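Participant: Dumping the structure here so I can ask a few things about it.
The values are calculated or read from the model by the stated rules, or taken from the named source; none is laboratory data. Quick caveat: nothing in here was measured; it's all calculated off a predicted structure. Cβ placement follows ideal geometry from the backbone for every residue including glycine, while neighbour counts extend to all protein chains displayed.
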Amino acid sequence: MVEEVERVFTVPLPMTRNVPKTKRAPRAIKEIKEYVRRHLADRTSSDEADAPKKDVWIDYRLNEFLWSRGIENPPSKVRVKAIRFEDGLIEVSLPDE
């Protein structure tokens, strides 16, 4: 039985500069999901590839923050709070500060 795990990460997003300008904000969202999935993976499973791709949920406030400067200029890093629930779902939001 796995309990809830809550962590705060600073996710670097320099790889968004290597994609076309019109794909940078969506790429930032994909990179955040991948980063959080990698760092909060349930170590009991034998392979990370078996993990479902829809197990990470992005909060709308974080989404609005990433898109606040438009599609072409997302932030280069973002601080996020990630919570992994018992059923394996991971919720990612802005930290409460």
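Participant: Any chance you could count how many residues in region 59-97 are free of Cβ contacts under 8 Å to residues at least 60 places away in the same chain, under 20 Å from THR22 (Cβ atoms) and not small (Gly, Ala, Ser)?
Facilitator: Counting residues in region 59-97 that are free of Cβ contacts under 8 Å to residues at least 60 places away in the same chain, under 20 Å from THR22 (Cβ atoms) and not small (Gly, Ala, Ser) gives 9.
Participant: Out of the residues in region 1-20 meeting the condition of being at pLDDT 95 or above and over 14 Å from the mean Cα position of the chain (by Cα), tell me which one is farthest from ARG84 (Cα to Cα).
Facilitator: PRO20
Participant: Sticking with this one: Quick check on region 26-72: of everything there that is more than 21 Å from THR10 (Cβ to Cβ) and among the aliphatic types (A, V, I, L, M), which residue is modelled with the highest pLDDT?
Facilitator: Filtering region 26-72 for residues that are more than 21 Å from THR10 (Cβ to Cβ) and among the aliphatic types (A, V, I, L, M), the one modelled with the highest pLDDT comes out as ILE71.
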